[in-house]
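K.L.:
Mind having a look at this structure? Questions to follow.
The values are calculated or read from the model by the stated rules, or taken from the named source; none is laboratory data. Just so it is clear, the structure is predicted and the values come from calculations on it, not from any experiment. All Cβ positions, glycine included, derive from the backbone under ideal geometry; neighbour counts span all protein chains shown.
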Amino acid sequence: MKSDFMIAGEGEQPVSLLLSLPVGASARVVDLEVDGLDRERLEVMGLCAGRTVEVVKSGDPMIVRVLGTRIGLAGRLAATVRVSRHV
Amino acid sequence: MSEIPLSAAVATCHTAASSATAGATTVVLIGNPNTGKTSLFNRLTGLRAKTANFAGTTLERRVGTMHLGGRKVHLEDLPGLYALHAANAEERIAQDSLRGATGSPAPAGAVVVVDATNLARNLYLVSQVRQLEVPVVVALNMTDLAGREGLRVDAAALSRELGAPVVPISARTGDGLPALQQALAALLDGRAPLPALPVRLSACGSCGGCATSSVRFDWAEDVAAVASSGAPRLSAERTARLDRVLTHPVAGLAVFAALMAALFVALFALAEYPMGAIEAGVSALGGWVGASLPEGDLQSFLVDGVIAGVGGVLVFLPQIAILFFFLSLLDDSGYLARAAFVMDRLMGKVGLPGKAFVPMLSAHACAIPALMSTRVIEDRRDRLATMLVIPLLTCSARLPVYAMVIALLFAGRPVQGGLLFTAAYALGMVAALSVAWLLRRTLLRGESRPLVIELPTYKAPSLRNALLAMRDRGGVFLRKAGTAILLISIGMWALSTYPRLDDERAAEIRAAEGDTRLQSARLEHALAGRIGRAIEPVFRPLGFDWRIDIGVLSSFAARETLVATLAVVYGVGDDGAASDGLRDALRAQRREDGRPVFGFATSCSLLVFFVLAMQCLPTQAVMRRESGSWRWAAFQFGYMTVLAYCAALVTYQGLRLLGVG
């Protein structure tokens with residue numbers, strides 16, 4: 001499906017936080033700065049290194065699209081997801 | 001049915017295959033939330049399902065029976081899960097149960113339910129289950145929906161990638177179920193040789209960690225891309241449109257408030273009739289038994305203990321059934337996730353998760369179903385905090401008490417009455433939120449677990465599921481809480497009956513002062529009356545006399561009995577409880593110094609006490625069951641009693657200081 005990130009290497013911007021992305025922005029997850037159960041909860045939802053996320057609605061909580069589904073996400077957690085923007 | 005592509009190699013690693021033919025056969029149903037798993041379970045097992053707990057846990061599973069070509073198979077419905085990771089208690093239990101590590105033997109097979117419109121996400125769990133040593137059939141659900149929207153899923157290709165039979169079904173319409181049953185039967189009979197794990201899938205690794213999760217998701221996305229074409233555009237667009245309103249910080253909250261108000265009104269309006277019928281039926285039965293049996297201990301035990309106790313159980317049933325009916329509809333439609341989403345920030349201010357709101361609203365009907373519905377809160381500490389404050393919210397059993405106090409204070413003045421009524425509700429809510437806030441700074445220190453929630457595509461809810469949920473929750477309540485309520489009711493009956501007044505004295509009182517006075521003399525003579533007198537010094541600072549104490553004591557079984565008990569102790573007779581007779585009798589009561597017993601200060605203090613006190617042993621029984629320990633139930637009782645006592649003390653003494661009697 002969306003496989004553009006595979007070759008996106010040089011088209012990506014430096015790392016930023018998922019929380020700070022504007023609506024409509026799409027990015028690749030680089031890593032998570034959270035441990036334990038919350039990390040696992042993010043990962044099973046697909047917020048995990050390598051996945052592509054798209055911001056559907058910003059704010060706290062925000063809505064992102066990962067693996068074809070909408071995920072409601074608290075700002076506190078969105079601030080732990082480091083992403084690199086697709087251009 | 002569609003062909004089951006099988007690799008030529010006969011699996012050697014599937015040791016569970018040999019056990020499939022022996023003994024009682026259990027098949028596990030597993031899948032992500034929102035995949036229609038419950039619908040499929042209901043379809044396969046019909047009306048024969050039961051809810052049971054995993055041994056030693058509060059985690060529930062549903063167990064039903066289905067017939068597969070003459071063979072009886074137990075179908076076990078695991079909770080909806082996204083993955084099988086060991087760190088999450090629920091997922092660990094599910095994993096153990098698939099491996100046969102929960103005490104019961106390993107299942108002979110697993111049906112993994114997959115949402116065809118959400119393939120990549122669902123395949124993650126499939127890959128994990130596939131790596132356990134249990135034969136797997138994949139039920140590819142919602143194929144009707146996918147087809148309508150131009151999404152095509154190639155079951156044969158998917159089957160090759162998973163190394164497991166894949167059967168397209170629609171749990172909603174029942175399409176494809178015979179094929180699913182055939183595939184399952186073939187698997188259990190050992191007729192179909194078990195396919196080996198495809199190389200790519202076995203490379204995914206089985207431990208957690210983001211590195212392996214990442215590989216697994218790569219695999220899932222690739223397989224989804226290979227096996228499906230097109231995308232469910234229509235429902236995606238509809239969901240996007242609806243979410244623009246329903247998750248909006250202002251409009252979303254407004255819709256939520258309106259929906260919850262409607263739910264609340266429906267709960268009361270619809271439950272009123274069956275509750276009335278139950279009360280009338282129970283009282284008719286009591287009257288009939290009372291008239292058919294000679295007066296004495298047996299008659300009193302049956303009428304006031306057993307029948308009244310059964311009535312006390314049944315009367316909760318309509319609200320519980322209706323609540324779970326509507327919650328199931330809201331959940332099925334996909335809305336409940338949005339409710340948690342819009343409430344998360346507001347509830348977060350007192351340290352509760354967004355998912356706590358709906359249970360807390362339900363608590364205004366009855367704390368028992370509210371405690372049961374906190375199961376949606378996945379974090380244990382969040383759930384405990386919510387459960388601990390739920391009984392502070394004004395349940396419908398408090399309403400007769402509020403009504404009585406308001407009638408005492410403001411009869412014929414509806415505005416003041418209405419204000420006091422509102423104040424009582426508000427006091428409950430403020431207390432619940434404050435206690436939650438306090439708990440998150442002390443005993444359950446920390447913030448609520450931050451929100452991560454799937455917002456599923458909106459769907460038309462299933463009436464069938466809602467009716468079955470209603471029946472299921474009602475059944476759990478009757479079995480688990482019902483027995484406790486009945487026993488408590490019998491216990492309270494014994495307290496207010498024994499020791500008995502001797503016959504001579506009873507005859508004297510009846511001759512001199514009549515039946516009504518005899519009723520109150522009996523209660524005073526019984527243990528309840530003696531305890532009431534003994535604890536009078538404790539409650540005197542709140543403005544209660546020993547007769548009110550008997551009422552307070554008796555209302556530990558159920559609050560609404562206060563009104564009936566006061567009617568008996570003040571000699572109106574329990575028939576007089578409903579009429580103005582009680583109000584006038586209470587108003588006429590005088591203390592030794594000539595002041596009225598039910599002055600403004602005492603009435604307010606009584607009201608405050610009833611708003612805040614834990615006077616509901618059935619709730620305590622459910623609290624123990626849901627929290628898994630008497631410790632939390634005891635703590636809840638303790639803090640609420642202290643809170644109620646102190647608040648009533650401040651109310652009474654404060655009003656007295658201000659010179660209000």
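K.L.:
Give the residue that is nearest to the other protein chains (Cβ to nearest Cβ), with candidates limited to residues of segment B:235-255 that are in a loop (DSSP other than H, G, I, E, B) and of a type outside the set (V, I, T). Before you say what the answer is, go through the steps one by one.
P.N.:
Filtering segment B:235-255 down to residues in a loop (DSSP other than H, G, I, E, B) leaves B:247-250.
Those left that are additionally of a type outside the set (V, I, T): B:248-249.
Values: B:H248: 9, B:P249: 7 Å.
For segment B:235-255, the residue satisfying everything is B:P249.
K.L.:
Then there is this: Please pick out the residue among B:D304, B:D297 that is over 19 Å from B:A558 (Cβ atoms), acidic (D, E) and at pLDDT below 90.
P.N.:
Just one listed residue meets the conditions, B:D297.
K.L.:
Here is a list of conditions, (1) surrounded by fewer than 20 Cβ atoms within 10 Å (Cβ to Cβ); (2) over 17 Å from the mean Cα position of the chain (by Cα); (3) on the phi < 0 side of the Ramachandran plot, and B:R380 meets all of them except one; can you say which number that is?
P.N.:
The one condition B:R380 does not meet is (2).
K.L.:
Consider A:V44 carefully, then state whether it is of a type in the set (V, I, T), within 7 Å of chain B (Cβ to nearest Cβ) and under 22 Å from B:H85 (Cβ atoms). Step through it out loud before you land on a result.
P.N.:
Values: of a type in the set (V, I, T): yes; within 7 Å of chain B (Cβ to nearest Cβ): yes; under 22 Å from B:H85 (Cβ atoms): yes.
The answer is yes for A:V44.
Here is a yes/no grid of residues against (1) in contact (Cβ under 8 Å) with a residue 60 or more places away in the chain; (2) touching a helix residue (DSSP H, G or I) at 6+ places or on another chain (Cβ under 6 Å); (3) under 25 Å from B:L420 (Cα atoms); (4) among the aromatic types (F, W, Y):
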residue	(1), (2), (3), (4)
B:Q589	no, no, yes, no
B:G594	no, no, no, no
B:S603	yes, yes, yes, no
B:L607	yes, yes, yes, no
B:P618	yes, yes, no, no
B:V622	yes, yes, no, no
B:G628	yes, no, no, no
B:A634	no, no, no, no
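K.L.:
Where in segment B:265-366 are the helices (runs of 4 or more DSSP H), entirely inside, with at least 1 residues that are more than 14 Å from chain A (Cβ to nearest Cβ), touching a helix residue (DSSP H, G or I) at 6+ places or on another chain (Cβ under 9 Å) and β-branched (V, I, T)?
P.N.:
Fully inside segment B:265-366 and qualifying: B:308-314, B:317-333, B:357-362.
K.L.:
Which one of the conditions (1) without any contact (Cβ under 8 Å) to a residue 24 or more places away in the chain; (2) in a strand (DSSP E or B) does A:V83 fail to meet, given that it meets all the rest?
P.N.:
Unmet condition: (1).
K.L.:
Condition (residue is more than 14 Å from every other protein chain (Cβ to nearest Cβ) and within 25 Å of B:G100 (Cα to Cα)) applied to segment B:165-174: is it met by at least one residue?
P.N.:
There is at least one residue in segment B:165-174 that is more than 14 Å from every other protein chain (Cβ to nearest Cβ) and within 25 Å of B:G100 (Cα to Cα).
K.L.:
Only one of (1) at pLDDT below 90; (2) farther than 26 Å from B:D243 by Cβ is not met by A:E33, so which one is it?
P.N.:
Only one criterion in (1) at pLDDT below 90; (2) farther than 26 Å from B:D243 by Cβ is unmet by A:E33, namely (1).
K.L.:
Taking the condition under 23 Å from B:L501 (Cα atoms) and either touching a residue at least 12 places away in the same chain (Cβ under 8 Å) or within 23 Å of the chain's Cα centre (by Cα) (or both), does B:V282 pass?
P.N.:
Values: under 23 Å from B:L501 (Cα atoms): no; either touching a residue at least 12 places away in the same chain (Cβ under 8 Å) or within 23 Å of the chain's Cα centre (by Cα) (or both): yes.
For B:V282, the condition - under 23 Å from B:L501 (Cα atoms) and either touching a residue at least 12 places away in the same chain (Cβ under 8 Å) or within 23 Å of the chain's Cα centre (by Cα) (or both) - is not met.
K.L.:
Same structure again: Only one of B:A506, B:A469, B:A481 is aliphatic (A, V, I, L, M) and at pLDDT below 85. Can you tell me which? Let's see the steps before the verdict.
P.N.:
Values: B:A506 fails: at pLDDT below 85; B:A469 fails: at pLDDT below 85.
It is B:A481.
K.L.:
More than 16 Å from the chain's Cα centre (by Cα) and loosely packed, with under 14 Cβ neighbours inside 10 Å: does that describe B:T497? Break it down stepwise before answering.
P.N.:
Details: more than 16 Å from the chain's Cα centre (by Cα): yes; loosely packed, with under 14 Cβ neighbours inside 10 Å: no.
Answer is no for this residue.
K.L.:
Looking at B:L455, B:L542, which is the one that is within 14 Å of another protein chain (Cβ to nearest Cβ), modelled with pLDDT of 90 or more and crowded, with 21+ Cβ neighbours inside 10 Å? I'd like the intermediate steps shown before the answer.
P.N.:
On the way: B:L542 fails: within 14 Å of another protein chain (Cβ to nearest Cβ).
Going through B:L455, B:L542 in turn, the sole match is B:L455.
K.L.:
Being among the basic types (K, R), at pLDDT below 90, closer than 22 Å to A:M62 by Cβ and in contact with a Gly (Cβ under 9 Å, 6 or more places away or on another chain) is the requirement here; does B:R338 meet it?
P.N.:
Values: among the basic types (K, R): yes; at pLDDT below 90: no; closer than 22 Å to A:M62 by Cβ: yes; in contact with a Gly (Cβ under 9 Å, 6 or more places away or on another chain): yes.
No, not satisfied.
K.L.:
Based on what the data block shows, is B:L487 surrounded by fewer than 17 Cβ atoms within 10 Å (Cβ to Cβ) and either under 30 Å from B:R375 (Cβ atoms) or modelled with pLDDT under 85 (or both)? Spell out how you get there, then give the answer.
P.N.:
Values: surrounded by fewer than 17 Cβ atoms within 10 Å (Cβ to Cβ): yes; either under 30 Å from B:R375 (Cβ atoms) or modelled with pLDDT under 85 (or both): yes.
Taking the combined requirement at face value, the residue satisfies it.
K.L.:
Name the helices (runs of 4 or more DSSP H) wholly inside segment B:549-661 in which the number of residues that are more than 37 Å from the chain's Cα centre (by Cα) and surrounded by fewer than 23 Cβ atoms within 10 Å (Cβ to Cβ) is 1 or more.
P.N.:
Numbers: elements: B:561-569, B:580-588, B:600-612, B:617-627, B:630-657.
Counting at least 1 such residues, we get B:580-588, B:600-612, B:630-657.
K.L.:
Does B:K355 meet the test of being of a type in the set (D, E, K, R) and under 17 Å from the mean Cα position of the chain (by Cα)? Walk me through how you get there before you give the answer.
P.N.:
Values: of a type in the set (D, E, K, R): yes; under 17 Å from the mean Cα position of the chain (by Cα): yes.
In short, yes.
K.L.:
Is segment B:220-234 home to any residue that is without any contact (Cβ under 8 Å) to a residue 60 or more places away in the chain, within 14 Å of another protein chain (Cβ to nearest Cβ), assigned to a loop (DSSP other than H, G, I, E, B) and at positive phi?
P.N.:
no
Condition check ((1) farther than 20 Å from B:G354 by Cβ; (2) surrounded by 16 or more Cβ atoms within 10 Å (Cβ to Cβ)) across all residues:
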position: B:L393; (1), (2): no, yes
position: B:F410; (1), (2): yes, yes
position: B:V415; (1), (2): yes, no
position: B:L427; (1), (2): yes, yes
position: B:L444; (1), (2): no, yes
position: B:R449; (1), (2): no, yes
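K.L.:
Take segment A:69-83 and flag every residue that is touching a helix residue (DSSP H, G or I) at 6+ places or on another chain (Cβ under 6 Å), within 7 Å of chain B (Cβ to nearest Cβ) and not hydroxyl-bearing (S, T, Y).
P.N.:
If the condition is that a residue be touching a helix residue (DSSP H, G or I) at 6+ places or on another chain (Cβ under 6 Å), within 7 Å of chain B (Cβ to nearest Cβ) and not hydroxyl-bearing (S, T, Y), then A:G72 is the only one that fits.
K.L.:
Residue by residue through segment B:193-222, note down the ones that are over 38 Å from the mean Cα position of the chain (by Cα), at pLDDT below 75 and buried (at least 18 other Cβ atoms within 10 Å of the Cβ).
P.N.:
Once the filter is applied, which keeps residues that are over 38 Å from the mean Cα position of the chain (by Cα), at pLDDT below 75 and buried (at least 18 other Cβ atoms within 10 Å of the Cβ), segment B:193-222 yields B:L194, B:C204.
K.L.:
Look through B:L140, B:L123 and report the one residue that is surrounded by 24 or more Cβ atoms within 10 Å (Cβ to Cβ), under 22 Å from A:L42 (Cβ atoms) and out of contact with any Ser or Thr (no Cβ under 8 Å at 6 or more places or on another chain). Give the derivation first.
P.N.:
Details: B:L140 fails: under 22 Å from A:L42 (Cβ atoms).
Selected residue: B:L123, the only one of B:L140, B:L123 that is surrounded by 24 or more Cβ atoms within 10 Å (Cβ to Cβ), under 22 Å from A:L42 (Cβ atoms) and out of contact with any Ser or Thr (no Cβ under 8 Å at 6 or more places or on another chain).
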